[in-house]
Every structure is written in structure tokens, then in C-alpha cells.
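Asker: Below you'll find the structure I mean.
Derivation of every value follows stated rules applied to the coordinates shown; laboratory data play no part. This is a predicted model, so every value here is computed, not measured. Virtual Cβ from ideal backbone geometry, glycine too; neighbours counted across all protein chains shown.
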């Protein structure tokens, strides 16, 4: 009787080990998420930069699904829009860095954003890099 219990226990443990090892479920999160990261959402602006005979800065609003920007001029030409990402999605790259992609008219606009603190982020696209401050 004791021999049957021991053999049954050994076969049960062996069976669970085989099933558990081969049927492991990955716990990784999806790499792309809908919307924008909550840590980046809000209104952001760059510092004033000297350009030609005037100054400019960029104002950006990051909402749950969209990223909109406008270039504001001081003693220069009027305001003009910047690239906008609608229907955004993001991927976490590590070290508080995100890659955000969205639709821009008929193309795709992609940029990287790094979160430094509640009041400071860095946004880089293929053309330029700026530090942004919450307002």
C-alpha cells in the first residue's frame, strides 16, 4: 500500500513538472500601448530660443490620445503649427523613455520622449531635440 502511494506521488509530481515546464505562460506586457503615457500628459513648453531677429518657443499639449504642438514667436512671424500625432500609441523603451507614434495626415509621425521629473521632459524627433517644462 505504501509503495502505491509513493509511486502515485512521484508520478503526479513528474506530470505536473512536465506540464508546468512546457506550458509556461509569459508575463511580459504588450510592447505597444494605446494612447500616451500618463506621466507625459499635460501642457508643456520649451524655453525661448533666439532665431534670426526674434525669439520662438514651442507649446505642446499631450492628451490621452493626441499630441498637438504650436510654435509661438516673439518679435517675429506669427504662430505656426508643428507636427501633430493623432491616435497615438507608445512603447516603453526603459529608463523613463517612450517611443510615441501617431498619424500625421497620411503619414506616421514618430518621436522619443524621456521623463525627467514631474516638470521636465525631453522630446526628440529626427530633426531636433528640446527640453520641455510643464506650465
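Asker: Quick check on residue 89: is it in a strand (DSSP E or B) and more than 12 Å from the chain's Cα centre (by Cα)?
Answerer: Taking the combined requirement at face value, the residue does not satisfy it.
Asker: Do you know which residues across the stretch 94-107 are part of a strand (DSSP E or B), closer than 20 Å to residue 129 by Cβ and in contact with a strand residue (DSSP E or B) (Cβ under 6 Å, 6 or more places away or on another chain)?
Answerer: Going residue by residue through the stretch 94-107, those that are part of a strand (DSSP E or B) are 94, 97-104, 107.
Of the ones still in play, those that are also closer than 20 Å to residue 129 by Cβ are 94, 97-102, 104.
Within the stretch 94-107, 97, 98, 99, 100, 101, 102 qualify.
Asker: With the requirement that a residue be part of a loop (DSSP other than H, G, I, E, B) and over 26 Å from the mean Cα position of the chain (by Cα), what does the stretch 39-81 give you?
Answerer: Pass one, the stretch 39-81, residues part of a loop (DSSP other than H, G, I, E, B): 41, 46-48, 52-53, 63-66, 75-79.
Within the stretch 39-81, 52, 53, 75, 76, 77, 78, 79 meet the criteria.
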